[in-house]
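K.L.:
Input: one structure, supplied below.
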2 protein chains.
Amino acid sequence: MEAIYVWADPLRAFCERVFRKLGVSEEDAWITADVLVMADLRGIDSHGVARLRRYVDGLRTGIMVARPQEQVIHETPATALIDAGAGLGQPVSYRAMQMAIRKALEVGAGFVAVRNSNHYGIAGYYAMMALEHDCIGLSMTNADVLMVPTFGRNAMLGTNPIAVAAPAGEERPFVLDMATSTVPRGKLEVYHRLGKPMPLGWATDERGIATEDAGRVLENFQKRAGGGLLPLGGEGELLGGHKGYGLALWVDVFCAVLSGAAYADRVYPKTPDGKPLPANLGHFFGAWRVDGFRPVEEFKAAMDDLQRRLKHAPKAEGATRIYIHGEKEYEETERRLREGIPLNPKVAADLRAIASELEVEYDLEEWSATAGRQSLKA
Amino acid sequence: MEAIYVWADPLRAFCERVFRKLGVSEEDAWITADVLVMADLRGIDSHGVARLRRYVDGLRTGIMVARPQEQVIHETPATALIDAGAGLGQPVSYRAMQMAIRKALEVGAGFVAVRNSNHYGIAGYYAMMALEHDCIGLSMTNADVLMVPTFGRNAMLGTNPIAVAAPAGEERPFVLDMATSTVPRGKLEVYHRLGKPMPLGWATDERGIATEDAGRVLENFQKRAGGGLLPLGGEGELLGGHKGYGLALWVDVFCAVLSGAAYADRVYPKTPDGKPLPANLGHFFGAWRVDGFRPVEEFKAAMDDLQRRLKHAPKAEGATRIYIHGEKEYEETERRLREGIPLNPKVAADLRAIASELEVEYDLEEWSATAGRQSLKA
């Protein structure tokens, strides 16, 4: 089936209505919707409205609290700790990053750790908030247990992403937004659907050995039978898998050990009789004021020059382009603002179902970009 | 030939004498010697006294300035920029990290960027300085151009390492100290000597294609013929090579673009007639006060629990141990403090040659640990 193309604004408004209906405040509904739709605009479909169901379910069961008691637990001029009160991850993360930026503007750098939170969407969203303040932004989160440590049989860590955003002048900002696993689980699902063998280095089987069989890994996840995603660098130490494992551990230390959130395989705990409890995820946000080190104009000119040197450097045989991190996503955003966001028909059907269950207006297809896109094609 | 075993203390004293003879101040000589010997103690032989010749040559030719004008260029409560005056990388880095820690103790977090510097030794040394202050430490540096960007033919970036050190309670501190390339150049030299094919994913040939031929890559480095070390994640994007490239770029942005040092392939510049100029490397140091977020005892207890959960988790088939980052190096340090530091006979010969050229006392073999080691073996 063909994708349905929708515009970002009505898609965001639809998500807002859904969150409002579930008791979320106006501000928090807007933030959460904006983070989701930004993922779709940037082409990170796995973290966009395709996940709306997950938040709806969380809010309905109360695992995610619609009106949480969000609290600043501790604060110094450059640091703070926030307890999210088991609310949605996005709004508390937005405010934590705002606080980190405010601290950076005041004393040069600011860092805020968050505990007792939930899935926060794309890491890059928060890091990029620093850009308009001429700050460098940092965002990290721990996540559901999917990654095996080097030499381990079982998944013990999340895909724990790191995002760093730095402003530039005429060139686009540098936006690194990477999971510390080689690939996300979604990549395995694609290979499984296509019946394609995976490259060795993506995941391990229930014995903890690298496998090409994506279906087996996904089944093992279901059954908690062992194995999981491999850290960046793959199996063992030969290609640096211990480095990816180390990066994931770094993220867990900053997000969870420093904040008092759940770490390693303690995230998403359950009651003894198997009922889910609040996830208790942790995040970490940072901002550095560029002119805490060097005049902004000098920094931006050097960022431009660095990017151009890389982009204009000779290409490997068979390659046509050297990318700067964030470049592909900025281009995708421009395209999707112009042509609409492609929704997988299954995702569109799920949004319609959510609308009907919650009795909120579903007008996305009315606002569909298909006509515009077809005329572009013609 | 068998290695010669020497003790850390006389080895450090020897290096100090060498630096003093070349005009370096007492404090700077001690710091530089300590950083070198710490590398040898931790088992990172490539960054230990095996590199003494490089610093000796740098100081003799004046590319490294023995008595630099080190200057704090700009400062805020949480940030600072230091110009190293083209001095040795180690002393300015030591003082920059001290400053970052002082700032962390005052306002919660502190960051110092350094420009116009030289090779600073092991990244982990400076990150670990934070530990005794119950701070988390960060250390990064850019470096000589050896790594290709994803889809690029030529080396454009250094192996740009990242080090993070976090204290623990009864367990050892977490010390991640990793180059952002899959492997360092030294690993290629070992494979070349053994005539062994490299794993694909370590390096590319002059066309920019992954190769098993270590000798060819090393020869291409000499001739500047193209190719180089691959970023963590290997060739292209299939196994995440763009992530390792992104990490290396992050390090270059923080160390060089933010400080005003040379970035990408601009490091180690030369005059139009090919004479080397000061390297103008950049570094970045950071410290976060643990209790800027959470009481230290709670943090340390969680660090211990995190480590134990990982270490006691089930192992992959054929594996016997899951490591925490820094653990191998702590064990190696204990062993080398007990049994002595093994010096490759070529390295020992080079140290003797340096002693004779500079007319400083060489007493290492007098202090050799061989006897102690032999009795341990017996």
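K.L.:
Determine whether A:Ala39 is in contact with a helix residue (DSSP H, G or I) (Cβ under 6 Å, 6 or more places away or on another chain) and either modelled with pLDDT under 95 or in a helix (DSSP H, G or I) (or both). Walk me through how you get there before you give the answer.
P.N.:
Working: in contact with a helix residue (DSSP H, G or I) (Cβ under 6 Å, 6 or more places away or on another chain): yes; either modelled with pLDDT under 95 or in a helix (DSSP H, G or I) (or both): yes.
When the stated conditions are applied, A:Ala39 passes them.
K.L.:
Against the definition (in contact with a Pro (Cβ under 9 Å, 6 or more places away or on another chain), facing another protein chain (nearest Cβ under 8 Å) and touching a residue at least 24 places away in the same chain (Cβ under 8 Å)), how does A:Pro149 come out, yes or no?
P.N.:
yes
K.L.:
Same structure, new question: Could you tell me whether any residue of segment B:225-246 is surrounded by fewer than 22 Cβ atoms within 10 Å (Cβ to Cβ) and touching a strand residue (DSSP E or B) at 6+ places or on another chain (Cβ under 7 Å)?
P.N.:
yes
K.L.:
Restricting attention to segment A:293-306, which residues are in contact with a Pro (Cβ under 9 Å, 6 or more places away or on another chain) and of a type outside the set (Phe, Trp, Tyr)?
P.N.:
A:Val296, A:Lys300, A:Met303
K.L.:
When you scan segment A:306-350, how many residues do you find that are part of a helix (DSSP H, G or I), closer than 24 Å to B:Phe111 by Cβ and more than 8 Å from chain B (Cβ to nearest Cβ)?
P.N.:
1
K.L.:
Out of the residues in segment B:256-305 that are part of a strand (DSSP E or B) and within 8 Å of another protein chain (Cβ to nearest Cβ), which is surrounded by the fewest Cβ atoms within 10 Å (Cβ to Cβ)?
P.N.:
Checked segment B:256-305; the qualifying residue surrounded by the fewest Cβ atoms within 10 Å (Cβ to Cβ) is B:Arg289.
K.L.:
Let me ask something additional. Please find, within segment A:203-234, the residue that is nearest to A:Thr141 (Cα to Cα) out of those that are out of contact with any Lys or Arg (no Cβ under 6 Å at 6 or more places or on another chain) and within 8 Å of another protein chain (Cβ to nearest Cβ).
P.N.:
Applying the filter and picking the extreme gives A:Gly234.
K.L.:
Looking at (1) surrounded by 20 or more Cβ atoms within 10 Å (Cβ to Cβ); (2) touching a strand residue (DSSP E or B) at 6+ places or on another chain (Cβ under 7 Å), which one does A:Ala179 not meet, given that it meets all the others?
P.N.:
So the condition that A:Ala179 fails would be (2).
K.L.:
For the list (1) assigned to a strand (DSSP E or B); (2) among the β-branched types (Val, Ile, Thr); (3) over 18 Å from the mean Cα position of the chain (by Cα); (4) within 30 Å of B:Gly228 (Cβ to Cβ), I need the number of the one condition that B:Ile73 fails.
P.N.:
(4) is the only condition that B:Ile73 fails.
K.L.:
Also: Do the conditions hold for A:Val24, that is, is it under 27 Å from A:Tyr268 (Cβ atoms), part of a loop (DSSP other than H, G, I, E, B), outside the structural domain of A:Gly292 (by TED's automatic domain parsing) and out of contact with any Pro (no Cβ under 6 Å at 6 or more places or on another chain)? Walk me through how you get there before you give the answer.
P.N.:
Working: under 27 Å from A:Tyr268 (Cβ atoms): yes; part of a loop (DSSP other than H, G, I, E, B): yes; outside the structural domain of A:Gly292 (by TED's automatic domain parsing): yes; out of contact with any Pro (no Cβ under 6 Å at 6 or more places or on another chain): yes.
Yes, satisfied.
K.L.:
Can you tell which of A:Gly169, A:Gly121, A:Gly186 is part of a loop (DSSP other than H, G, I, E, B), of a type outside the set (Lys, Arg) and surrounded by fewer than 24 Cβ atoms within 10 Å (Cβ to Cβ)?
P.N.:
Just a single option satisfies the conditions, and that option is A:Gly169.
K.L.:
Among (1) within 21 Å of A:Leu337 (Cβ to Cβ); (2) out of contact with any helix residue (DSSP H, G or I) (no Cβ under 6 Å at 6 or more places or on another chain); (3) at pLDDT 95 or above, where does A:Asp83 come up short?
P.N.:
With (1) within 21 Å of A:Leu337 (Cβ to Cβ); (2) out of contact with any helix residue (DSSP H, G or I) (no Cβ under 6 Å at 6 or more places or on another chain); (3) at pLDDT 95 or above applied to A:Asp83, the lone miss is (1).
The values are calculated or read from the model by the stated rules, or taken from the named source; none is laboratory data. All values reported here derive from a predicted model rather than from experimental measurement. Neighbour counts run over all protein chains shown; Cβ positions are idealised from the backbone, glycine included.
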